[in-house]
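The values are calculated or read from the model by the stated rules, or taken from the named source; none is laboratory data. Because the structure is predicted, anything quoted here is derived from the model rather than measured. Note that we place each Cβ from the backbone using ideal geometry, even for glycine, and neighbour counts take in every protein chain shown. Areas reflect the complete protein model, heavy atoms only, side chains present, ligands, DNA and RNA absent. Shrake-Rupley method; radii C 1.70, N 1.55, O 1.52, S 1.80 Å.
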Amino acid sequence: MTHHLPAEAPPPECPAHHRTALYGPRFAADPAGTYALLRAHGHVAPVELAPGVPASLVIGYRTALEVLRDPTTFPRDPRRWQDGVPPDSPALGMMRYRPNCMFADGAEHARLRGAITTCLARVDHTTLRADTVRIADELIDGFAAAGRVDLLAQYARPLMFILFTNLFGCPPHLSERLLVNTKALFDGHEPEAADRALNATLRELVELKRRRPGQDVVSWLLDADLSDEELCQTILVLMGGGSEPTADLITNALHRMLSDTGLGGGLASGVVRVDDAIDEVLWVDPPMANYSTSHPREAVTLAGVVLAADQPVVISMAAANTDPALNPADHTGNRSHLAFSAGPHACPVPEMARLLGAAAVERVLDRLPGLGLDDSARPVRWREGPFNRGLFALHARFTPPPDPVGPAAAPAPPTTAPPPVPTNPEAPPFRARLRDPVVRWWHGQ
Ligand code: HEM
């Protein structure tokens, strides 16, 4: 079957051209149901990413690999397309051109990605894991006495926030601005304002590191062959692309593990290994659900569908992973999912993401006996953008320890505090940072 997908909005009476909204509460409540319906179109389906923003969604696993491995036919540069998109469209937050590796191809991509892989190779994973556990413990100490917690707002997000702040040598006042605006981009909220705020903050961070370089990822990036603008945008892709999806991975995995239906009966079955839960989530609820967007320079036929020139071709990692043609009986030990994409733009650090996710999930399960979803907060609500799969909140209850230690009970004197997070030797001791205004902000104070 061959059909054409015109760039302009399709006539609503034409069923062959009907576009399915990949945004809004209906999609967020049941994306798997939407993908199942879209399969009637074959491997490529007509969708809308935001009102009036048409795209082709690749939902077949084999076809997704074909696109991801062919950057010549499916290049990344969105500039010809974005000129025709209203500047306030929520789709632009994640899709607007930026001079970083995600939007480059060929030699330029190799140079921009090379800067990242060189710097991230310097991060020691043993230290990173120890840092994750230490920060997790501090956060858990902060809410352990309460017996209830929002595992996204009080745990996964601040954990990644503090970890990345530390890794990138970013002072807390700049981190807060980066994270707030990155989240706005992911969720498509006022993307233009978020973009301006992000650019200004990134320039401040780079100037600061030029004056006072340290043992951190941003200082190491200063040695790479990057212009100032490329440098800022590379920091953005690392911070935003690293912390937000990893926080969602942690929360999505905890949600599945704590749900009655998730992972063979959830924790109650007692057989769930954290590594398996992480893999399962990467298959069925990948944090980057629809992305890896390309813009063919001219009309091209893909899986029998003619795609218009310049119009976005979006890979649905979530739909491709659940392609009925794969039919995997059991995902255990199978990592051929597309949660980290594939081809030249695949995530450069899937092991790091898995390490952070598993350490964070393990820690909260180890420390909070009787952890379960808070029934008064069910059903959970999912955020509504097309690109990432993440919850608004994950409310849980647990049995508070009889004699909790840490800030919620009685602040420990500084001399008995655990050692500071060591990734960045210049960072202030962690307990001092808990008293910091940005960290208090994370706790809603
Ligand atoms: C669970 C966590 C993560 C998930 C699900 C994830 C997923 C992805 C996906 C799907 C892509 C492809 C994007 C595209 O094709 O446009 C990607 C690219 C990328 N990711 Fe990750 N990622 C995660 C964590 C991280 C972390 C922790 C970092 C860095 C510290 C990171 C850095 C990057 C970079 C730099 C790229 C761009 C690669 C390129 O265009 O060449 N990611 N990631």
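A few comments on the model shown:
- Summing charges over neighbours of Ala45, with a neighbour being any other residue whose Cβ is under 13 Å away from its Cβ, gives 0 when K and R count +1 and D and E count -1.
- The calculated Kirkwood hydrodynamic radius for the range 41-105 is 13.2 Å, given to one decimal from all distinct C-alpha pairs.
- For the pair the range 87-149 / the range 288-325, the C-alpha centres are spaced 25 Å from each other.
- His43, His173, His109, His395, ranked by accessible area, largest first (probe 1.4 Å): His173, His395, His43, His109
- Inter-label distance for Asp275 and Ala36, nm, one decimal - labels placed 7 Å from Cα along Cα-to-Cβ: 3.3 nm
- Cα shape, the range 295-360, gyration tensor, a/c 1.5 rule: oblate
- Global form of the range 80-146, assessed from the alpha-carbon gyration tensor, a/c cut-off 1.5: oblate
- Segment Glu229..Ala200, full-extension length gain: 9.3 nm, with 0.36 nm per residue of separation and the alpha-carbon distance subtracted.
- Residue ranking by accessible heavy-atom surface, 1.4 Å probe, largest first, among His125, His337 comes out as His125, His337.
- Other residues lying with their Cβ under 13 Å from the Cβ of Leu68 contribute a combined charge of 0, Lys and Arg counting +1, Asp and Glu -1.
- With K and R counted +1 and D and E -1, the other residues having a Cβ less than 13 Å from that of Ile278 yield a net charge of -4.
- Take Ser376: with every protein chain present and a 1.4 Å probe, its accessible area is about 90 Å².
- Per-residue extension of 0.36 nm, minus the Cα-Cα distance of Asp77 and Ala325, leaves a gain of 86.2 nm for this segment.
- Gyration tensor verdict on the range 21-78 (Cα atoms; rounded if a/c is under 1.5, prolate if a/b is larger than b/c, oblate otherwise): oblate
- In this simple spin-label model, placing a label point 7 Å from the Cα along the Cα-to-Cβ direction at both Arg367 and Thr127 gives a separation of 2.2 nm.
- Residues Glu207, Glu192, sorted by accessible area with the largest first, give Glu207, Glu192 [1.4 Å probe; ligands and nucleic acids excluded].
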